[in-house]
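Let me begin by presenting the structure, written as structure tokens, before commenting on it.
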Amino acid sequence: MILDIVTLFPDMFRGPLDDSIVGRSREAGRCEIRLHNLRDWARDKHRKVDDDAFGDGAGMVLKPEPLFACIEDLRREGPARVILLSPQGPLLTQGRCRQLAASDERLILVCGRYKGLDERFIEACVDEELSIGDYVLSGGELAAMVLVDGIVRLLPQALNTPESAESDSLEDGLLDAPQYTRPAEFRGLQVPEILLSGHHGRIAEWRQQQRVERTRRKRPDLYRAWTKENQ
Ligand code: ADE
């Protein structure tokens, strides 16, 4: 999978994309992540990428020229889906991560900054907007890292135990069951008896009950959606 990231702050990505599952996937060649500094497409002598908003809106807006030029250059290398990280997009879900991981489309992730981007760029060049939550970050960079992590861990062979991704929270609309490891008793606190029983069928049943119950208690919004789907 090829991911191009367009940002004014490529250095922000160094740690998160170099370590752990994403770092290993890059080293193993399962994904190629390329960082592009939008300022490299600024053509004026001050390399200016933003300007005052027209009208009485306060704040700076990313200018259309560098954005158009950048995407046009990147698209010259081949077709790609342009995703803008922005609080205005629909919320990113596990389902969308799975679809993107399964598709062989090259992705260009554009990180917004300041007050926003010139709307003409969004209309002409952006295929999809995605938000990672109903709050405003100072730019799309952290959101792009979240999206990359969510996708890359689902690429074939990214996880040591792929079954563990299948039973992840939210894969089927429910939270995960509680997990325990040794010791079976710690400071007088016991691991639920059933997990030590060796009855695989009953354990699976117990886990499913726990998932439903935890979702109902912790995330009533997800629970309502799940019951509607599973009636
Ligand atoms: N940029 C600023 N806030 C954001 C958010 N919540 N999601 C995605 N991109 C953003």
Item to complete: Output the residues belonging to region 19-51 that are under 24 Å from residue 115 (Cβ atoms), touching a strand residue (DSSP E or B) at 6+ places or on another chain (Cβ under 8 Å) and not β-branched (Val, Ile, Thr).
Response: 35, 36, 37, 38, 50, 51
Discussion item. Among the residues in region 36-57, are any within 21 Å of the chain's Cα centre (by Cα), in the same structural domain as residue 124 (by TED's automatic domain parsing) and loosely packed, with under 15 Cβ neighbours inside 10 Å?
Written reply: no
Response to the item:
Within region 175-215, of all residues that are among the polar types (S, T, N, Q) and touching a residue at least 24 places away in the same chain (Cβ under 8 Å), the one surrounded by the fewest Cβ atoms within 10 Å (Cβ to Cβ) is 208
Worksheet entry | Residues located in region 76-96, provided they are in contact (Cβ under 8 Å) with a residue 40 or more places away in the chain and either charged (D, E, K, R) or within 13 Å of residue 1 (Cα to Cα) (or both) | 80, 81
Worksheet item: Of everything in region 101-115 that's in contact with a Leu (Cβ under 7 Å, 6 or more places away or on another chain) and within 16 Å of the ligand (Cβ to nearest atom), which residue is farthest from residue 38 (Cα to Cα)?
Response: 107
Discussion item. Among the numbered criteria (1) buried (at least 18 other Cβ atoms within 10 Å of the Cβ); (2) at pLDDT below 95, which one does residue 118 miss?
Written reply: (2)
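The values are calculated or read from the model by the stated rules, or taken from the named source; none is laboratory data. Since we're looking at a predicted model, the values are computed, not measured. Reconstructed Cβ throughout: ideal geometry from the backbone, glycine too, with neighbour counts over all protein chains shown.
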